[in-house]
Amino acid sequence: MRLFKLSALALLTVPAMAAPAAAAPAATTENPPPALVARYNFDGGATAGKISDLSGKGSSLTVRGADSGTVAITTEGAGRYAAFPVACAATTPCARAILEAPNSPDLNPGVRNFRWAATVRVAAAQMKGKANIMQKGLAGTDSAWKLQLTGKTGRAQCAMTGKGTAETFTATSAKPIADGAWHKIVCERSATALGISVDGVAGKKATIPATLSVDNTMPLRIGGPNFGASSDMYHGQLDDVYIQLG
């Protein structure tokens, strides 16, 4: 023990050491986990032309068709999936179909982090140019987010166009996916990054402005943007579509 020297004239009193203050709890910078705002897995089929949303927050999908097109709910193993009309020759009216849910605040991320995903199966023969798998909004009209397949190589792309600008940002998968096998595609906007992964393999990211905002009054559409003569329709199969916010 260390000894203190005492003066002959006065006794020096050494004050007791104060107990250390309790440490303040560490501040956390973690964001809350993303909230599921829509999910469709098609296992319940379609009732009166509608497919239920499993998240409890979104709206049912309505089956819409043109030229006798429809979306077939097909059983495979223990589950079911949605099958869109097959591609046809350009000289004949093609059967077309989409799934549509009405506009909702939860589907308009603004500048917040956002994730949208789908499991798809498409063969090279089913590719007739670009194919829009799911989207809300149209590029060149206001703002949009989208998952699509490229026309030349069959690679998956995540795309975002912000309000007040015509510039579109895309993240592209590392490999083509039009091979007739099932693939899970995930798009994610996180701050200033737009990323994509296929079966857990990350593709090429895009840097986007922190101010890029997507907020429009368009419905959610799956399988194509609309029924225009040259619309980028999807002709493959689809399962487990989900959207997360935050």
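Report yes if residue 127 is of a type in the set (A, V, I, L, M), at pLDDT below 95 and open to solvent by less than 40 Å² (accessible area, probe 1.4 Å), otherwise no.
Details: of a type in the set (A, V, I, L, M): yes; at pLDDT below 95: yes; open to solvent by less than 40 Å² (accessible area, probe 1.4 Å): yes.
For residue 127, the condition - of a type in the set (A, V, I, L, M), at pLDDT below 95 and open to solvent by less than 40 Å² (accessible area, probe 1.4 Å) - is met.
Just the residues that are over 18 Å from the mean Cα position of the chain (by Cα) and either touching a residue at least 40 places away in the same chain (Cβ under 8 Å) or under 20 Å from residue 226 (Cα atoms) (or both), please, taken from segment 103-159.
So in segment 103-159, the residues over 18 Å from the mean Cα position of the chain (by Cα) come out as 122-130, 140-142, 151-154.
Within segment 103-159, 122, 123, 124, 126, 127, 128, 129, 130, 140, 141, 142, 151 meet the criteria.
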Please go through segment 47-99 and give me each residue that is in contact (Cβ under 8 Å) with a residue 60 or more places away in the chain, touching a Lys or Arg at 6+ places or on another chain (Cβ under 7 Å) and open to solvent by 40 Å² or more (accessible area, probe 1.4 Å), ordered by number. 74
Subset of segment 83-115 (residues that are in a strand (DSSP E or B) and over 22 Å from residue 218 (Cα atoms)): 83
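Quick one: count up the residues across segment 39-82 that are assigned to a strand (DSSP E or B) and either in contact with a His (Cβ under 9 Å, 6 or more places away or on another chain) or not charged (D, E, K, R) (or both).
We begin by selecting, within segment 39-82, every residue assigned to a strand (DSSP E or B); these are 39-40, 47, 50-51, 61-66, 72-76, 79-82.
Imposing the further condition that a residue be either in contact with a His (Cβ under 9 Å, 6 or more places away or on another chain) or not charged (D, E, K, R) (or both) reduces the set to 40, 47, 51, 61-63, 65-66, 72-75, 79, 81-82.
Within segment 39-82, residues that are assigned to a strand (DSSP E or B) and either in contact with a His (Cβ under 9 Å, 6 or more places away or on another chain) or not charged (D, E, K, R) (or both) number 15.
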Taking only segment 130-154 into account, find how many residues are part of a strand (DSSP E or B) and either in contact with a Lys or Arg (Cβ under 9 Å, 6 or more places away or on another chain) or open to solvent by 10 Å² or more (accessible area, probe 1.4 Å) (or both). 10
Tell me, yes or no, whether segment 173-182 has at least one residue that is more than 24 Å from residue 101 (Cβ to Cβ), modelled with pLDDT under 95 and touching a helix residue (DSSP H, G or I) at 6+ places or on another chain (Cβ under 9 Å). no
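Taking the condition at negative phi, of a type outside the set (D, E, K, R), open to solvent by 30 Å² or more (accessible area, probe 1.4 Å) and without any contact (Cβ under 8 Å) to a residue 24 or more places away in the chain, does residue 192 pass?
Working: at negative phi: yes; of a type outside the set (D, E, K, R): yes; open to solvent by 30 Å² or more (accessible area, probe 1.4 Å): yes; without any contact (Cβ under 8 Å) to a residue 24 or more places away in the chain: yes.
Yes, satisfied.
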If residue 181 satisfies every condition in (1) of a type in the set (Gly, Ala, Ser); (2) assigned to a strand (DSSP E or B); (3) free of Cβ contacts under 8 Å to residues at least 60 places away in the same chain but one, which is the exception? (3)
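Condition check ((1) out of contact with any Cys (no Cβ under 8 Å at 6 or more places or on another chain); (2) open to solvent by less than 10 Å² (accessible area, probe 1.4 Å); (3) of a type in the set (A, V, I, L, M)) across all residues:
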residue	(1), (2), (3)
169	yes, no, no
174	yes, no, yes
183	yes, no, no
204	yes, no, no
219	yes, no, no
230	yes, no, no
238	yes, yes, yes
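The values are calculated or read from the model by the stated rules, or taken from the named source; none is laboratory data. Computed from a predicted model, the values in this text were never measured in an experiment. Note that each Cβ is placed from the backbone with ideal geometry, even for glycine, and that neighbours are counted across all protein chains shown. Remember, those area values only see protein heavy atoms, side chains included, never the ligands or the DNA or RNA. Shrake-Rupley method; radii C 1.70, N 1.55, O 1.52, S 1.80 Å.
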